[in-house]
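*Asks:* One structure, pasted below without further comment.
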Amino acid sequence: MLTSRTSGALLAAAFIAVSAPAFAHVTFENAQAKPNSTFKAVMRIGHGCGGEPTTKVRVRIPEGIVAVKPMPKAGWKLETAKGAYVKAYQVNGEAVSEGVTDIVWSGSLEDGHYDEFVFQVRFTDAYQPSATVYFPVVQECAKGVNEWVQVPADGQDPHSLESPAPGVRIVAAESTAQQAATPSQQKVGALTIDQPWSRATPGGAKVGGGYLRITNTGSTPDRLTGGSFTGASRVEVHEMSLENDVMRMKQVQGGLEIKPGATVEFKPGGYHLMFMDLKEPLKEGQTIKGTLVFEKAGAVNVEYSVRGMGGAPAAEHKHH
């Protein structure tokens, strides 16, 4: 057990900002959460320090985040530090005044390998929609240290930072009216299409992202080859993957196969649709029509609900 909230290697405090989370070398699989909600943080480590193996991963828990539960990791020693909060927070009707403030995993991860470190937290009402909560991370290696603690100033491009802290953007929960505006599920032959949605985009953005789930309940494969989106010149199927310690996006040539009995999820950080050459920004609360084109099922009409900006697809696409 660590003994102090101000453990030596974690020199930076937690920060809050309104800009989108940086696409750092240490990132969260899901970079958005709702206020007053439980959040599963999957933190991705893609490389070591100057070619050396990672031996420790330290995470500082920001003030206003409670009910912290780190996940043990096979082959790694898990430690936590506890401390008093600046103020008490209400959780399930009870006042909580102290809890976990730091998490440390100790082990070994080769520089050329990738791994994930998981913990669960609860965001309190200290964080409201449009804020971004940054989690300072110190990555210790055999002969070096990476301190992922930098936070963008107001108006600063987070991609300009050398060692950005991974962040989670707080987004508003969808209202009942918004949820009802778009059919959550539709079936076309053997295919089931669930919850098409997109993100709001900043002014001037020329690309947007499309997300959904497709399940093939039939006995033969089908293939998603593209589609259309109102206000965009074309729709492409893309994949995000880790290449040489950098997350990159590339078009899936020939479309994406949906195998029999399989479910393919299009989500930030994985497979997704790219809406190219947007004529105007996408705004939260909009419902925008489009189509999905399949090799066998043909063109399928869908409607995308536009949710809050949880990290702009335009910024992600800079790493293409």
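None of the figures in this text is laboratory data; all of them are computed from the coordinates on show. Only a predicted model underlies this, so the values are computations on that prediction, with no experimental measurement involved. We place every Cβ from the backbone using ideal geometry, glycine too, and count neighbours over all the protein chains shown.
*Asks:* Based only on Cα atoms, what Rg/Rh ratio does the stretch 204-283 have, Rh being taken as Kirkwood's radius? Provide the component values of the computation, followed by the final result.
*Replies:* Values: Rg = 13.7 Å, Rh = 13.6 Å.
Using only Cα positions, Rg/Rh for the stretch 204-283 is 1.01.
*Asks:* Let me ask something else. Could you list which residues have their amide H under 5 Å from that of K82, counting only those 5 or more apart in sequence or on another chain, with H placed in the peptide plane?
*Replies:* Amide H to amide H, under 5 Å and 5 or more residues apart or across chains, K82 pairs with T101.
*Asks:* Please give the charge dipole size of the stretch 192-243, origin at the Cα centre, charges +1 on K and R Cβ atoms and -1 on D and E Cβ atoms. Round to the nearest 20 debye. Provide the component values of the computation, followed by the final result.
*Replies:* On the way: 5 positive and 5 negative charges, 40 e Å.
Magnitude of the dipole: close to 200 debye.
*Asks:* With Cβ to Cβ distances under 9 Å as the rule, what net charge do the other residues near V104 carry (K, R +1; D, E -1)?
*Replies:* Working: positive: K56, R58, K77; negative: E79, D102.
Cβ neighbours under 9 Å give a net charge of +1.
*Asks:* So if I take the centroid of the Cα atoms in the stretch 266-312 and the same for the stretch 55-121, what is the distance between those two points in Å?
*Replies:* 35 Å
*Asks:* Next up: Would you compute, for the Cα atoms of the stretch 76-230, the largest minus smallest coordinate along each principal axis and list the three values in descending order, in whole Å?
*Replies:* 55, 45, 38 Å, listed from the longest principal axis down.
*Asks:* Give me, ordered by chain and number, the residues 5 or more places off Q32 or on other chains with an amide H under 5 Å from its own placed amide H.
*Replies:* Hits under the 5 Å cutoff: R169.
*Asks:* Something else: Would you mind counting up the charge near Y134? Only other residues with Cβ under 11 Å from its Cβ, with Lys and Arg at +1 and Asp and Glu at -1. Don't skip to the answer; put the middle values down first.
*Replies:* Numbers: positive: R60, R169; negative: none.
Residues close to Y134 contribute a combined charge of +2.
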